[in-house]
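Below you'll find the structure, written out as structure tokens, and then a few comments.
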Amino acid sequence: MTTATLPATAPSNTDVNDRTTHVVCCNADLALCGLDVSDEPVVPDGVGHDCIVCLDLEDQPCPRCGYTPEGDA
Ligand SMILES: [Zn+2]
Ligand SMILES: [Zn+2]
């Protein structure tokens, strides 16, 4: 499963609002959804479109480091 479905857009400061933003945990180069984000620019919160896979996984324990989001009883 290495097929990328995201468009390979060149990073720029003008299309930041059209970007998909991913969530990372212990590995800053690997998003929770499994996407390699080592080449993705860091964008502020609220910019771009949230990756729905990352959003879903954000509420679950990290499979790599075991980090558990707060509020989970
Ligand atoms: Zn993602
Ligand atoms: Zn982690």
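Only residues in segment 21-42 that are farther than 11 Å from Cys54 by Cα count as the first member; pair them with residues that are of a type in the set (S, T, N, Q) and not in a loop (DSSP other than H, G, I, E, B), Cβ under 7 angstrom, at least 6 apart or cross-chain, and list the lot.
Matching pairs, first to second residue: none at all.
Enumerate the pairs (first residue in segment 57-73 and at positive phi and assigned to a loop (DSSP other than H, G, I, E, B); second residue anywhere and among the hydrophobic types (A, V, I, L, M, F, W, C) and modelled with pLDDT under 85) with beta-carbon separation below 7 Å, excluding pairs fewer than 6 apart on the same chain, so at least 6 apart or on different chains.
Listed pairs, sorted by first residue: none to list.
Only residues that are of a type in the set (A, V, I, L, M, F, W, C) and not in a loop (DSSP other than H, G, I, E, B): list them for segment 14-48, please.
Within segment 14-48, the subset of a type in the set (A, V, I, L, M, F, W, C) is 16, 23-26, 28, 30-33, 35, 37, 42-43, 47.
Within segment 14-48, Val16, Val24, Leu30, Ala31 qualify.
Of the conditions (1) surrounded by 14 or more Cβ atoms within 10 Å (Cβ to Cβ); (2) hydrophobic (A, V, I, L, M, F, W, C); (3) away from ligand 2 (no atom under 11 Å from the Cβ); (4) modelled with pLDDT of 90 or more, Leu32 clears all except one; give me its number.
Unmet for Leu32, out of (1) surrounded by 14 or more Cβ atoms within 10 Å (Cβ to Cβ); (2) hydrophobic (A, V, I, L, M, F, W, C); (3) away from ligand 2 (no atom under 11 Å from the Cβ); (4) modelled with pLDDT of 90 or more: (3).
The values are calculated or read from the model by the stated rules, or taken from the named source; none is laboratory data. As the structure is a computational prediction, the values presented were derived from the model and not from experiment. FYI the Cβ positions are ideal-geometry reconstructions off the backbone, even for glycines, and counts take in every protein chain you see.
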